[in-house]
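Working notes, beginning with the structure itself.
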C-alpha cells in the first residue's frame with residue numbers, strides 16, 4: 001500500500017574519483033562545507049557526529065543572505081558503502097530519509113542517492129519543487145570537488 005518505491009526519488013552519478021576520495025568528501029566536515037548545497041550557496045558545518053545515532057547539522061546561506069538549516073541523525077553507516085540518515089531541510093523538506101550508496105568501479109565511484117518520503121503525495125510535491133535540479137546541482141559540486 002505505502003510502497004517505499006513509490007515515495008522515493010533517486011539520483012545516480014559516476015564520480016571520476018576513487019571511492020576513498022568520494023567517501024572522505026562526504027564524511028569529513030572540512031570537505032562537506034566545500035560542496036554541500038546547490039551552486040552559489042555557502043555551507044557551515046555546525047554539528048557532525050559521524051557515527052550511528054550521531055547528529056549532523058549544517059547552515060546554508062543563499063546568495064540573498066537568507067539561511068536555512070539542514071539536520072538529521074545517522075541511522076546506518078557501512079564504511080565506504082552506505083550512509084543512511086534522517087534529514088530535514090527546513091523550511092522546504094522535513095522528515096525524509098536519505099540513503100547515500102557508494103560503489104568502487106576501478107578509479108571511479110558509482111554513487112546512488114535515494115530520498116525516501118513519508119507519503120507518495122509528499123514525494124510528488126518534493127519532485128515538483130525541484131528535487132532533481134537541487135540535488136543535481138549539489139552532486140555537480142561534489143563531482144567538481146573530488147575531480148580537482
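Given the choices [x] -0.63, -0.80, -1.11; [y] -0.49, -0.65, -1.10; [z] -0.39, -0.56, -1.28, log10 I(q)/I(0) by the Debye sum over Cα atoms at q = 0.11, 0.13, 0.19 Å⁻¹ derived from the coordinates of this structure is entry [z].
Dividing the helix sum by the residues of the chain, where each DSSP H run of 4 or more adds -39500 (n - 2.57), gives a mean residue ellipticity at 222 nm of -8500 deg cm²/dmol.
Taking the centroid of alpha carbons for each part, region 1-70 and region 73-126 are 9 Å apart. Rounded, prolate or oblate: pick one for region 106-145, where a ≥ b ≥ c are the square roots of the eigenvalues of its C-alpha gyration tensor, a/c under 1.5 means rounded, and failing that, prolate if a/b is larger than b/c, else oblate. Taking the square roots of the gyration eigenvalues as a ≥ b ≥ c, region 106-145 is oblate.
Overall, the anisotropy analysis places region 63-124 in the prolate class: the square-rooted eigenvalues a ≥ b ≥ c of its C-alpha gyration tensor yield a/c not less than 1.5, with a/b exceeding b/c.
Based on C-alpha pairs under 8 angstrom that are at least 6 apart in sequence, the chain has a relative contact order of 30 percent. Using the Cα gyration tensor of region 1-55, with a ≥ b ≥ c the square roots of its eigenvalues, what is the shape: rounded (a/c below 1.5), prolate (a/b larger than b/c) or oblate (neither)? Prolate is the answer for region 1-55, as a/c is 1.5 or above and a/b outweighs b/c. In region 16-83, Cα pairs under 8 Å separated by at least six residues give a relative contact order of 22 percent.
Quick note: the coordinates plus some simple rules give every number you see, no bench work behind them. Not measured: the values here are computed from a predicted model.
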